[in-house]
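Everything on this sheet refers to the single structure shown next.
The values are calculated or read from the model by the stated rules, or taken from the named source; none is laboratory data. Since the model is a prediction, treat every value here as computed from it, not as a measurement. Note that each Cβ is placed from the backbone with ideal geometry, even for glycine, and that neighbours are counted across all protein chains shown. Please note that ligands, DNA and RNA were not included when accessible areas were found on the heavy atoms of the full protein model with its side chains. Shrake-Rupley method; radii C 1.70, N 1.55, O 1.52, S 1.80 Å.
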Amino acid sequence: MSANDTYQSPLASRYSSTEMKTIFSNRNRASTWRQLWLWLAEGEKELGLDISDEAIEQMKANLSMTDESFKVAGEEEKRRRHDVMAHVHAFGQVAPAAAGIIHWGSTSCYVTDNAELIFMKNALDLLLPKLATIISKLAEFSVEYKDMPTLGFTHYQPAQLITVGRRAAQWTQDLLMDLEDISRVRADLRFRGAQGTTGTQASFMEIFHEDGEKIDKLNEFLCAKAGFPSCYSISTQTYTRKVDLRVANALSALGGTVQKITSDIRHLANRKELEEPFEKDQIGSSAMAYKRNPMRCERIAGLGRFLANQNKIAVDTFAAQWMERTLDDSAIRRIMIPEMFLSADAICMTLDNVVSGLVVYPARIHSAVMEELPFMATENIIMKLVALGQSRQDAHEEIRVLSHQASDVVKKEGGKNDLIERIKKTEYFEPVWDEIDAMLDPKNFIGRCPEQVTRFCGAGGVVDKALAPYNEHIKGSSVVQLTV
């Protein structure tokens, strides 16, 4: 039977990176459990417990989970109906000198929870540079197009002009907020360590003869080995599932951000103003050969919708934990945590590909601007007339009447916006006829867009400073190549 004969998650089979899949692989999970048992035994031996050198050496020699060990663990789990104890026995078979001391003083969550924290730490460390690279590329795009006027939209109706770069800077800012939130939950991650059955460390008090200082030293040893600054001050049988919720909140927010960004790009693609890169042999539709569908943006939007809802699972799981722990968190976390990270990883890979090759159509953008600019210029015309002594209300009424006439030409006759021509033919506006053409330069309507983009996205700006920790990764990065 091949992998094609059974269901596989598309997140693993199609979308996410090998590095992220490896973090959450069965082999890495089982091998990490063995590593945790080795660290526990080393720490306990260092603090005076009777554990032989031979036991330690046999554990070290068998940290990598082999296919044969998986078979043994599978048979043990059929017999014992307990995955952790199945792996304890499987480890003991290849490290017989350690069989009696593996898992000494611990509960199952010593390996399951500590391993999960290691996986989340490593997964966040994999995601953050990828997200930083996307932000860097989008910031460069923003600066490149900081001066190009384009229609702004409110209520999805044409509004005051912005620039192509200013819109991209809005996307950049949202992603930077996600980077900050994800960085914060990464920095706040702690270890569960060796806490015993309900977090009281009672079992370790027993084996260390009521010497609490040795338990503290054991946990300092474990944290140093696993790469954490400290343990959570309070744990029950598990680390609090609030931790999963905090991580899920940060990643779910990223899911919302990418839905917004790709929705904007898809709308702009429909207007033929901006689109994702389209490869030479890419097919947009199996039926309509002419189509250039924004398929990568649509993928990101779909994955973003999935990711954005993971915090709902996390909050329900946290809320449902009775007292010191119930096991209804187990099955759902086996699904949620890996899938949450795989979807975030897939999003970052695909979005990197998109922002690396965004295609801008300046002529189309300018044409759309000039269709709407006459309406926008009317406020300036009114101000000029008032400055020349005309009534603001009279000018407003004259503009209102002509605007509605021009609008009817566009909407009812399918013609072009002829408002300016109408104004130039109406004697009321004769005092400003000579100035009207100069008023129609789109750059007169973009406010401080270029300055705002430069301050935020330019050299020495907000983005530049925020991305400083990732500069080495960004400089060494290349465009993510997608296979599907």
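Structure above, values below:
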| quantity | calculated |
| --- | --- |
| Between helix 362-387 and the chain: long-axis angle, C-alpha atoms, 0 to 90°, nearest 10 | 60 |
| Fraction of beta bridges assigned by DSSP in the chain that are antiparallel (%, nearest 5) | 90 |
| Cα-centred dipole magnitude for the chain, charges only on beta-carbon of K, R (+1) and D, E (-1), debye, nearest 20 | 820 |
| Cα centroid of the range 1-52 to Cα centroid of the range 397-450, whole Å | 67 |
| Within straight-line cross-link reach of K312, aspartates and glutamates at Cα separation under 13 Å, skipping those fewer than 8 residues along the same chain | D244 |
| Accessible solvent surface per residue of the chain, calculated while the other protein chains remain in place, 1.4 angstrom probe, Å² | 50 |
| Estimated inter-spin distance, V401 and S230, nm [label 7 Å along Cα→Cβ] | 7.7 |
| Apportionment of accessible area to carbon and sulfur, the chain, percent (1.4 Å) | 51 |
| Computed label-point distance, nm, for sites E68 and E324 using a 7 Å Cα→Cβ extension | 4.0 |
| Which listed pairs, of K384/K425; K137/K475; K60/K121; K21/K242, have C-alpha distances above 20 Å, in listed order | K60/K121; K21/K242 |
| Where labels lie 7 Å past Cα in the beta-carbon direction, separation of S391 and E213 in nm | 9.3 |
| Calculated [θ] (222 nm, deg cm²/dmol) that DSSP helices of n ≥ 4 give over the chain, each run adding -39,500 (n - 2.57) | -20500 deg cm²/dmol |
